[in-house]
Structures are given as structure tokens and as C-alpha cells.
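The values are calculated or read from the model by the stated rules, or taken from the named source; none is laboratory data. Just so you know, these numbers come straight off a predicted model, no measurement behind them. Every residue, glycine among them, receives a Cβ derived from its backbone with ideal geometry; neighbour counts consider all protein chains shown. Quick note on the areas: whole protein, heavy atoms, side chains included, nothing else; ligands and nucleic acids left out. Shrake-Rupley method; radii C 1.70, N 1.55, O 1.52, S 1.80 Å.
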Amino acid sequence: YSNSYGLECNHSRVSTNILNILKRGRNDKGSIMVYAVGNESLTNSIIYPANLTFSYPDEAYNKGIIRVGASGSDDLKSNYSNYSSSNGLTVSVDVVAPGGKFSEGSNGTLDYIATTDLSGNLGEIPR
């Protein structure tokens, strides 16, 4: 399932459920959650729930959230992907992954990236 919710605000019920999954997922073994940081070309702005952090006594569970940005075919951050500068936020992008069908590369050009999250020819066979 996609964890790219695009929620515009912090929802306490969702946050509580995320914390419960981090603590008790996999039959109380704990789990990780992976979230997209957003695709609005924003600097120092990672969207909820990727920007979620927990306070004492649950701050150890902050390590269980992996924040994913988008990259272009040049392996650099896509222009549309949100990110944080070195000290702009309390959370930062942990990993980047190739963007969707067309990804705007760091140089502003449109790069084709084959993907399997689309159906039909768009996902399996580059045009």
C-alpha cells in the first residue's frame, strides 16, 4: 500500500495509529513506516505524516519512520520533490527513489523513468 497520503494537517487519530504500528506491529515486534515527503517543490517543508515526530517517552520510535523523496534519472533530487536543508527541520529526507512516469531531473529536463506503479504500457514498457 502507498503511504503517500498528502494530508494537509496533523491528524491525531492517524498519528496515534502510526505510533501503535511502530510499537506493536508484527505481533508486538515493532515495525517501520515509509512515507513520501511530498511533491510540491518545497524547501524545508516535509508533509504529514512524513514530518511526524514523537516526544518523550516515545521519541525512540522516530527512528521507525523512513522519509522518501523523489529522484530523477540523473540520481539527483527531482525538482518537484520536497526536502529539508541541513538544519532547516527536525526531520529530513532519509532516502530518494526514482519518481513517476516522467520525472523532472535536477537540470530541469523531463527524464523518463520506467515504473511499475502504473498499469498497462505506461508501467511496463517505455514508449
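Zone of residue 44 (label point 7 Å along Cα→Cβ, backbone N under 13 Å): which residues in the range 57-87?
Within reach of a label on residue 44: 83-87.
For a quick check: with amide H placed at 1.01 Å from N, whose amide H comes under 5 Å from residue 65's, ignoring anything fewer than 5 positions away on the same chain?
The list, which skips near neighbours in sequence, is 33.
For residue 97, which sequence-distant residues (separation of 5 or more, or a different chain) have an amide H within less than 5 Å of its own amide H, given hydrogens modelled in the peptide plane?
Distant-sequence amide H within range of residue 97: 69, 70, 71.
Given a 1.4 angstrom probe, I'd like the percentage of the accessible area of the range 22-79 that is carbon and sulfur, rounded to a whole number.
About 48 percent, which is the carbon plus sulfur part of the accessible surface.
Can you compute the modelled spin-label distance between residue 97 and residue 58, with each label point 7 Å from Cα toward Cβ, in nm?
It is 2.4 nm.
So how much slack lies between residue 74 and residue 19, counting 0.36 nm per residue of separation and subtracting their Cα-Cα distance, in nm?
Using 0.36 nm per residue and subtracting the Cα-Cα distance, I get 16.3 nm.
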